[in-house]
Amino acid sequence: MESRVNIILFFFLIIINLFKINAFACDLFQGNWVLDQSYPVYNETTCPFLEKEFNCVSNGRPDRLYLKYRWQPHGCRVSRFDGKNFLEKLRGKTIMFVGDSLSRNQWLSMLCMIHSSVPTANYAVNISVSLDMTTYTFTDYHVKVTYHHNLYLVDIVKQRIGRVLKLDTLTAGKLWLDVDYLVFNTWHWWNRRGASQPFDFIQDGSRLYKDMERVIAFGKAVVTWGQWVDANVDPNKTKVFFQGISPSHYNGTDWGEPKAKSCSGQKIPLLTSKYPGVSPPALAVLKKSLKTIKKPVTLLDVTNLSLLRKDGHPSAYGLGVVDCSHWCLAGVPDTWNVLLYNLLF
């Protein structure tokens, strides 16, 4: 009898370990998009936080199929976003999104997802123009969901010669201290040139450049940001995430449709697991720079799954121009937040 019990126990332990191995091997960011009639995760018409530039349905987008796709990782069970559980887990804490308008895209998605789960939750808003920061506090839970608008993470300083992007200094970090969950992003503005470029020179250490390879400059800035993380973040108090590189879709040749000049008119995702074109070069640079950081930083590696969503951009249904960089809401950033939710808890 004892021998039989030991055999059963032995096989039980093997099964448990197999589950552990499978869970450990599971990559949330490798998978494919599948139709799910329970999607979208919220109704854009009832979200009080949604801004016009991302509200594609309100702006007249006629097709709706793009709203019905769910990301399915290979071999993973992904928990659905539960806004009430999210607020309970974060009770008394702050989550802050730091970065450009792609961070705002994700932040607004998060607010809509919370509101959809807990539509009666009370909230208050605080807007600081001087700090370029907006915070919604869900007062019943004392949870703060903050967006800090910051294009490059590192400093732009006005000097006698003009505006200087300084790759090795970062002073905005004082606003990020003691935040419980930080989600960073930068890349969208690094290739800006001409009138929209908000700096005149780039400084790296003691050397001043009129310009330099932007991907290289970006990598140096991420290293500087990582040094801030190492010097200021207590991993027992704060979890740090980096949003990854959100791709654009302006050239159909990249995804095998040479006649498509942009994302306009795209109604369905690529239903494969791998994007047929090349990944943004910034992704490899980002991953290399993140390896220089000693403190734990989790990459929210949304690039591949977002590359597959050529249908997810506002196109002409944003602010009137063809926008193949940002994302409709409801839409792709909701998936970023579902995966963030699964990594948080």
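Observations
- Members of segment 152-165 found to be open to solvent by 30 Å² or more (accessible area, probe 1.4 Å) and of a type outside the set (S, T, N, Q), listed by number: ILE156, VAL157, LYS158, ARG160, ILE161, ARG163
- A residue that is among the β-branched types (Val, Ile, Thr), over 22 Å from GLY173 (Cβ atoms) and modelled with pLDDT of 95 or more can be found somewhere in segment 324-333.
- Enumeration of residues in segment 282-291 that are surrounded by 14 or more Cβ atoms within 10 Å (Cβ to Cβ) and in contact (Cβ under 8 Å) with a residue 60 or more places away in the chain: ALA282, VAL285, LEU286, SER289, LEU290
- Output for segment 97-133, where each listed residue is farther than 24 Å from GLY312 by Cβ and either within 20 Å of the chain's Cα centre (by Cα) or of a type in the set (D, E, K, R) (or both): ASP132, MET133
- Residue match in segment 303-326 (condition: closer than 27 Å to ARG214 by Cα and free of Cβ contacts under 8 Å to residues at least 12 places away in the same chain): yes
- Test: residue in segment 191-200 that is under 28 Å from LEU343 (Cα atoms), surrounded by fewer than 16 Cβ atoms within 10 Å (Cβ to Cβ) and among the hydroxyl-bearing types (Ser, Thr, Tyr): no
- Condition check for ASP254: over 30 Å from LYS93 (Cα atoms), among the acidic types (Asp, Glu) and without any contact (Cβ under 8 Å) to a residue 40 or more places away in the chain: yes
- Taking the conditions (1) in a loop (DSSP other than H, G, I, E, B); (2) closer than 21 Å to PRO40 by Cβ; (3) open to solvent by less than 70 Å² (accessible area, probe 1.4 Å) in turn, GLY320 satisfies each one other than (2).
Condition check ((1) over 21 Å from the mean Cα position of the chain (by Cα); (2) surrounded by fewer than 17 Cβ atoms within 10 Å (Cβ to Cβ); (3) closer than 26 Å to SER306 by Cβ) across all residues:
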site: ILE202; (1), (2), (3): yes, no, no
site: GLY205; (1), (2), (3): yes, yes, no
site: LEU208; (1), (2), (3): yes, yes, no
site: ASP211; (1), (2), (3): yes, yes, no
site: ASP230; (1), (2), (3): yes, yes, no
site: PHE241; (1), (2), (3): no, no, yes
site: ILE245; (1), (2), (3): no, no, yes
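- Condition met for LEU271 (under 27 Å from ILE95 (Cα atoms) and either within 19 Å of the chain's Cα centre (by Cα) or open to solvent by 70 Å² or more (accessible area, probe 1.4 Å) (or both)): no
- Number of positions in segment 258-294 that are over 16 Å from PRO247 (Cβ atoms) and assigned to a helix (DSSP H, G or I): 3
- Residues within segment 298-317 that are open to solvent by 10 Å² or more (accessible area, probe 1.4 Å) and assigned to a helix (DSSP H, G or I), tallied: 1
- Identity of the residue in segment 171-190, surrounded by fewer than 14 Cβ atoms within 10 Å (Cβ to Cβ) and modelled with pLDDT of 95 or more, that ends up nearest to LEU283 (Cα to Cα): THR171
- Residue ranges of strands (runs of 3 or more DSSP E) in segment 126-231 with at least 1 members of a type in the set (Gly, Ala, Ser) and out of contact with any Gly (no Cβ under 7 Å at 6 or more places or on another chain): 162-166
- Within segment 213-228, the set of residues being surrounded by fewer than 17 Cβ atoms within 10 Å (Cβ to Cβ) and touching a strand residue (DSSP E or B) at 6+ places or on another chain (Cβ under 8 Å) is empty.
The values are calculated or read from the model by the stated rules, or taken from the named source; none is laboratory data. Just so it is clear, the structure is predicted and the values come from calculations on it, not from any experiment. No Cβ is skipped: glycine too gets one built from the backbone with ideal geometry, and neighbour counts run over all protein chains shown. Just so you know, the surface numbers come from the protein's heavy atoms only, side chains and all, with ligands and any DNA or RNA stripped out. Shrake-Rupley method; radii C 1.70, N 1.55, O 1.52, S 1.80 Å.
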